[in-house]
1. Filtering the stretch B:208-238 down to residues that are open to solvent by 40 Å² or more (accessible area, probe 1.4 Å) and not in a helix (DSSP H, G or I), which residue is nearest to the other protein chains (Cβ to nearest Cβ)?
2. Tell me which of these B:K110 doesn't satisfy, since it passes every other one: (1) open to solvent by 20 Å² or more (accessible area, probe 1.4 Å); (2) within 18 Å of the chain's Cα centre (by Cα); (3) of a type outside the set (S, T, N, Q).
3. Could you run through the stretch B:14-29 and say how many residues are among the basic types (K, R) and in contact with a Phe, Trp or Tyr (Cβ under 7 Å, 6 or more places away or on another chain)?
4. Out of the stretch B:198-209, which residues are of a type outside the set (A, V, I, L, M, F, W, C) and touching a residue at least 12 places away in the same chain (Cβ under 8 Å)?
5. Looking at B:I205, B:I211, which one is more than 15 Å from the chain's Cα centre (by Cα), among the β-branched types (V, I, T) and under 28 Å from A:K12 (Cβ atoms)?
6. Of all helices (runs of 4 or more DSSP H) completely enclosed by the stretch B:81-197, which ones contain at least 1 residues that are more than 12 Å from every other protein chain (Cβ to nearest Cβ) and touching a residue at least 24 places away in the same chain (Cβ under 8 Å)?
7. (1) surrounded by fewer than 16 Cβ atoms within 10 Å (Cβ to Cβ); (2) over 13 Å from B:H253 (Cβ atoms); (3) within 13 Å of chain A (Cβ to nearest Cβ): which one isn't true of B:I205, the others all being true?
8. So which residues in the stretch B:113-153 are modelled with pLDDT under 95 and open to solvent by less than 10 Å² (accessible area, probe 1.4 Å)?
Amino acid sequence: MAFFDYFKRAPKSASLAKDRLSIIVARERAGTRSGPDYLPALQQELLAVIARYETIDLANVTVNLDKSGGCEVLELNIVLPDSPPPPPPRLSQTVSV
Amino acid sequence: MSKVVVITSGKGGVGKTTTSANIATGIAQQGKKTVAIDFDVGLRNLDLVMGCERRVVYDFVNVIRNEAKLQQALIRDKRVENLYILPASQTRDKDALDPEGVGRVIEELKQMGFEYIICDSPAGIEKGAQMAMYFADEAIVVTNPEVSSVRDSDRVLGLLAAKTSRAELGGPAIRTHLLLTRYSPLMVKRGEMLSVGDVLELLGIPLLGVIPESKAVLQSSNKGAPAILDETTDVAQAYLDVVFRYLGQERQHRFIEEEKRSFLGRLFG
């Protein structure tokens, strides 16, 4: 109901802006400065290795390089697809034979 | 000892020229010999904002090409002593500025005893912007609390660290300062605008000041008189703080919190 929707707190746009910016700024910094030159290639190769074992959607993969204190953290976040669909029933095979 | 200061941002329309005009005026008012150089070749506007557009005879590019002497191109401000403007050219030649020519003019300004050389950068990260920052000792990065502006400022910080004379010659890094403009404490309070803390966290450079969103900016450019000249406005106060802070005085940050207004004030405001 529209009346009750009014009381539901939508996320404030400023915090969305901040979240989006922290990701894009970190990524661009990693690509252009402070980060090692091999980072983009490393990302690609890591993704290729994972893709060999698991069907992944590139949209569900995020790679971040964060700096906290004196150390850098390479964060790889992959959303694996739901469990594969059950194998098709054998019935169709017996029919075709 | 002269200081070359670039006013830069990446994104257009965030207040580089307004800031250049106000900071140059404010520093000159403190008795320091100051020049503001317009690097926006083809789209000069500093002259208009500072109200000397009808006195432009020769420009920056004329001086670089030895078609005029620096003294002929410099415009002395009629309101503030010690303040000069070097206007940009309206030529469409993209390569009008080159490092040798710009370097020679800046060196000559230093010889003339200018203490502060304020370089008003064009938007973008192309040649004009790179020329404006190339010889800088310090940079004031003008940013709006808005996603595209913050992202572009971060890009510009990368360029300042890599594509300047200091970076190439291995000198000390350019000192960078953040100036947050068009700030609305009310929108920040409602969660509709990035806060000064958010922007500082994202960009990671020290805060020089916050300029509130204000009608006074448009009104001052309408008149061709930098806002800082009319001390009654909030923008003038904010820029005065910035100037004093920049010159080394302690000033508390203002215009970050929403001003408390009385009930009647709100009714009739």
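The values are calculated or read from the model by the stated rules, or taken from the named source; none is laboratory data. Since the model is a prediction, treat every value here as computed from it, not as a measurement. Virtual Cβ from ideal backbone geometry, glycine too; neighbours counted across all protein chains shown. Heavy atoms of the whole protein, side chains included, go into the accessibility calculation; ligands, DNA and RNA do not. Shrake-Rupley method; radii C 1.70, N 1.55, O 1.52, S 1.80 Å.
1. Selected residue: B:E213.
2. (2)
3. Taking the stretch B:14-29 and keeping what is among the basic types (K, R), we get B:16.
Okay, now just the ones that are also in contact with a Phe, Trp or Tyr (Cβ under 7 Å, 6 or more places away or on another chain), so none.
Residues that pass the stated criteria total 0.
4. Kept after step one, since they are of a type outside the set (A, V, I, L, M, F, W, C), are these residues of the stretch B:198-209: B:198, B:201, B:204, B:206, B:209.
Passing the criteria: B:D198, B:P206, B:G209.
5. Values: B:I211 fails: more than 15 Å from the chain's Cα centre (by Cα).
Of the residues listed, the single one that is more than 15 Å from the chain's Cα centre (by Cα), among the β-branched types (V, I, T) and under 28 Å from A:K12 (Cβ atoms) is B:I205.
6. On the way: elements: B:99-111, B:127-134, B:147-162, B:165-169, B:185-189.
Correct list: B:99-111, B:127-134, B:165-169, B:185-189.
7. Only one criterion in (1) surrounded by fewer than 16 Cβ atoms within 10 Å (Cβ to Cβ); (2) over 13 Å from B:H253 (Cβ atoms); (3) within 13 Å of chain A (Cβ to nearest Cβ) is unmet by B:I205, namely (1).
8. Hits for the stretch B:113-153: nothing passes.
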